[in-house]
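Beneath this line is the structure, given in structure tokens, with notes to follow.
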Amino acid sequence: NYSSYGNYGNAWHQEINRYGDVNTLLDTKVMDNEYYGMDKHRGDITKSTIVTNDENGTFVEKQHIVYSNYDNYGNALSQDIKRYDAANTLLDRKVMTNTYNDTSEHFGNIITSDITTYDESNNYLERQEIEYSSYDNYGNANIQTIKRYGMKNGSEVFLDRKEMTNKF
């Protein structure tokens, strides 16, 4: 549900209801976007605040996302995501970097994502490397490989690997 737009047609305010089935509300996300400078002309979000409430309207979490870099096709290259609790205390922070190649950027198809998670004191927790190796004709990722890394004895070590195959 988009309820507010800017002068350039950009969505400022959105409400997203997620259902388990037709009649079972799971949660609601309220998203407020900000656009500055040239970003508003291109439709590139500068900042987003997303508040999640459960099915009873009780606060679950808040995310504040800063998009710091886009390519010429409007693909987000860098995001800084901070999660907060009900007291507005920082829970964790994720730094996400996406890469595209010459072909994929035209369609918005990510080739790799690197996501590093830090705790509330900015201490490294883990890192994920996600590789998107196949897309269907509609831009849905068919195959994703996720490698997870963590800290052991002061060094980053490989933890596990998952491969997801999606069928649409």
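The values are calculated or read from the model by the stated rules, or taken from the named source; none is laboratory data. These numbers were taken from a predicted model, which means no experiment stands behind them. Using ideal geometry, Cβ is built from the backbone for each residue, glycine included, and neighbour counts are taken over all protein chains shown. Keep in mind that these areas ignore ligands, DNA and RNA; they rest on the heavy atoms of the full protein, side chains included. Shrake-Rupley method; radii C 1.70, N 1.55, O 1.52, S 1.80 Å.
Odds and ends about this structure:
- Selected residue [open to solvent by 40 Å² or more (accessible area, probe 1.4 Å) and either out of contact with any strand residue (DSSP E or B) (no Cβ under 9 Å at 6 or more places or on another chain) or within 22 Å of Gly37 (Cα to Cα) (or both)] from Asn122, Asn88, Asn101, Asn75: Asn101
- Yes/no for Asn56 being without any contact (Cβ under 8 Å) to a residue 12 or more places away in the chain, open to solvent by 60 Å² or more (accessible area, probe 1.4 Å) and in a loop (DSSP other than H, G, I, E, B): yes
- Scanning segment 9-34 for residues that are aliphatic (A, V, I, L, M) and more than 15 Å from Ile65 (Cβ to Cβ) yields a count of 3.
- Members of segment 104-119 found to be open to solvent by 70 Å² or more (accessible area, probe 1.4 Å) and either under 18 Å from the mean Cα position of the chain (by Cα) or of a type in the set (Phe, Trp, Tyr) (or both), listed by number: Phe107
- Only residues that are open to solvent by 100 Å² or more (accessible area, probe 1.4 Å) and more than 20 Å from the chain's Cα centre (by Cα) were counted across segment 139-168, and they come to 7.
- Taking the criterion of being open to solvent by 50 Å² or more (accessible area, probe 1.4 Å) and among the hydroxyl-bearing types (Ser, Thr, Tyr), the residues of segment 125-138 that qualify are Ser133, Tyr135, Tyr138.
- Note on segment 1-18: residues that are under 20 Å from the mean Cα position of the chain (by Cα) and either surrounded by 11 or more Cβ atoms within 10 Å (Cβ to Cβ) or assigned to a strand (DSSP E or B) (or both) amount to 10.
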